[in-house]
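Structure first, then comments.
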Amino acid sequence: MPHLPNAVMWSIPAFVLLAVVEMVSYRFHPDDDAEGYAAKDAATSVGMGLGSLVFDLLWKIPIVAIYAAVYELTPLRVPVVWWTLPLMLLAQDFFYYWSHRGHHVIRILWACHVVHHSSRKFNLTTALRQPWTTWTVWPFYVPMIALGVHPAAVAFCSSVNLVYQFWIHTERIGTLPRPVEFVFNTPSHHRVHHASQGGYLDRNFGGILIVWDRLFGSFVPETERPVYGLTKNIDTYNPLRVATHEYVAIARDIAAARDWRERAGRVFRGPGWQPARAPEAGLPEAGTREVGSPETSPETGPETGPEAGPEAGRPEPVGESAR
């Protein structure tokens, strides 16, 4: 078994130091065009990050067992040496792209990932706002294990990817030189990803590299100022509600569904999916928003963003997701 460090755990002191530096910078050099910090919001983000460390340990037990079984069954082996590690990082970043994209366009996966998008601020503590239900992520990396990559190497690459993404959660850095912006995920690209405007929704899924978005048609450059958060924000700083609110909304929609096809759609279609229904007396026409849907659920609060609805001004959407 290769002995590789957990890059996230080693980086925690740097996370804290850089977040404090950014907070102080806003104190002495405020920026009217940036969201900056709010004490309760930052505390919630830090609390979600600490909670994720605990819950990740619990989810790791069955996941490691599955990975170990796949690794034992495959005849392939990729050695962990200096020249294979960059290739593993590249492969992990590729599968991260598809995991991230899937967590935006499949509602049960979005219920996990929505946590990370729930802040209306965008700063270094937002990077720490991690979900507590990451059991939805592991299937995307099974191909790496099946190709002979040791589970410990996959875990190491994932931790490096996560550490890289910490610094791109900031408004203090504008755009970088064009070659960097073309190849790598940057603060400018990631601000787009966290925005709630229609034209920015479901874009820029890359982890370390932005080239996957360019290749697979999900890239959008930063043009207008982003409005952060969800299209229907949650008005709570309670970590438990932040972690579970979309699961609660899914359960409510399943209970109100008319048939099994609609129940399946509420779970596996996009977060903004609505069943097509013929107009009936006292019922909304197909496609309109309903109480208890992702768009109108009391759990998700008032709408943000300049558009009248989640689809307004949205060019060639990657998926059906609408928040």
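The values are calculated or read from the model by the stated rules, or taken from the named source; none is laboratory data. Predicted model only: the values in this text are computed from it and were never measured. Methodologically, a virtual Cβ is constructed for each residue, glycine included, from the backbone with ideal geometry; neighbour enumeration extends over all protein chains shown. Remember, those area values only see protein heavy atoms, side chains included, never the ligands or the DNA or RNA. Shrake-Rupley method; radii C 1.70, N 1.55, O 1.52, S 1.80 Å.
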Roll a 1.4 Å probe over the protein heavy atoms and report the accessible area of Leu76 in Å², nearest 10. 80
For region 4-79, with all protein chains present and a 1.4 Å probe, just round the carbon and sulfur fraction of the accessible area to a whole percent. 74
With no solvent and one equal point scatterer per Cα, compute the Debye intensity ratio I(q)/I(0) for region 221-261 at 0.29 Å⁻¹ and report its log10, rounded to two decimals. -1.03
With a ≥ b ≥ c the root eigenvalues of the C-alpha gyration tensor of region 159-289, is it rounded (a/c under 1.5), prolate (a/b larger than b/c) or oblate? prolate
Computed P(r) (all Cα pairs; region 1-108; 5 Å bins; percent): 2, 8, 9, 15, 19, 16, 13, 8, 5, 3, 1, 0
Calculate, for the chain, the solvent-accessible area per residue in square angstrom, rolling a 1.4 angstrom probe over the heavy atoms of the protein chains. 48
As an exercise, take the mean of 1/r over every pair of distinct alpha carbons in the chain, invert it, and state the Kirkwood radius in angstroms. 20.7
In debye to the nearest 20, how big a dipole does the chain give about its Cα centre with +1 on each Lys and Arg Cβ and -1 on each Asp and Glu Cβ? 600
For Lys121, counting only lysines whose alpha-carbon sits under 17 Å away and dropping same-chain residues fewer than eight positions off, the answer is Lys40, Lys232
Please list, by residue number, every one of the trypsin sites (Lys or Arg not before Pro) in region 16-93 that is coil in DSSP and has at most 11 other beta-carbon atoms within 10 Å. Arg77
Need one number: convex hull volume per residue for region 65-160, Cα atoms only, in Å³. 108
Of Ala14, Ala91, Ala251, the most mobile residue in a GNM of the chain (C-alpha springs, cutoff 10 Å) is Ala14
For the chain, what are the DSSP H helices with axial Cα length of 18 Å or more and mean Kyte-Doolittle hydropathy of at least 1.0? 7-28, 39-73, 151-166
